[in-house]
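Remarks on the structure that follows.
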Amino acid sequence: MGTLGYKDSGGICLSKSEALRQSREDDGKPKSNMQVYARRKHVEERARDPRDEKQREEASDFEMDVKVIVAKKPEWRLRWMQKALIHVGRKHIKANSFYEIVMDEAFARDLHPLIGARMKASLLGNLHLFSSKQQKVLQSETNHFNNFKDEKKKEKSSRKKRRERSSSSSYSEDPPPKKSSKRSSQQDERHERRRSDQDERDQRMFAKGAADEAH
């Protein structure tokens with residue numbers, strides 16, 4: 001076999017350094033003390049995690065046909081979205097493929113408001129999985145998931161309305177009694193004392209006048 005490198009190293013070499021490296025790798029000793037060599041280290045392959053292998057198999061068998069997905073029931077589509085986001089986060093499914101499916105108008109067809117709100121919350125909670133351009137589309141008003149109100153905000157508004165109704169009905173039926181202050185109680189006691197003193201005086205004057213008339 002012919003050589004293309006520096007001196008004959010017993011094989012085809014494309015450069016002088018490659019020839020010197022091969023000569024050192026043969027016996028493990030440099031030809032000269034003045035020469036410096038870069039020794040290659042062969043990286044051993046790590047043993048693959050069986051859980052990762054199982055997850056990859058699930059991702060390979062995961063349904064990604066948009067025609068099949070949009071034909072399913074809304075509950076099934078919600079579960080599919082949640083599982084797909086997990087696979088996208090593990091990089092077992094491409095984010096672009098998932099994005100194209102969920103942004104299809106048929107995917108959001110015939111959705112219950114509660115299911116649509118959950119889908120919207122799942123997408124907005126995982127915006128970091130998408131590109132900046134895709135994030136803007138998902139947050140824009142033209143996105144078909146924005147037709148569904150946030151589930152938490154809806155619950156808060158309904159609770160607020162219930163409280164207002166209950167408070168208005170209780171106020172109209174039986175208004176709460178006014179709290180008596182400490183000053184008003186003291187004033188009432190003073191008035192009672194004055195009245196009792198005045199009654200005693202009147203009784204004394206009446207008895208004295210009756211006694212005078214008898215004499």
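The values are calculated or read from the model by the stated rules, or taken from the named source; none is laboratory data. Just so it is clear, the model here is predicted, and its values are computed rather than measured. Virtual Cβ from ideal backbone geometry, glycine too; neighbours counted across all protein chains shown. Side chains included, ligands, DNA and RNA excluded: accessible areas come from the protein's heavy atoms. Shrake-Rupley method; radii C 1.70, N 1.55, O 1.52, S 1.80 Å.
Values as computed for the structure displayed
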quantity	calculated
Whole-percent carbon and sulfur share, accessible surface of region 60-138, 1.4 Å	50
Karplus-derived HN-Hα couplings along region 48-65 (A = 6.51, B = -1.76, C = 1.60, θ = phi - 60°), whole Hz, x at Gly and Pro	6, 6, x, 5, 5, 5, 5, 5, 5, 5, 5, 5, 5, 8, 6, 6, 10, 8
Under-5 Å amide H pairs with Asp104, H placed in peptide plane, nonlocal only	none
Dipole magnitude of region 68-118 about its Cα centre (Cβ charges: Lys, Arg +1; Asp, Glu -1), debye to nearest 20	320
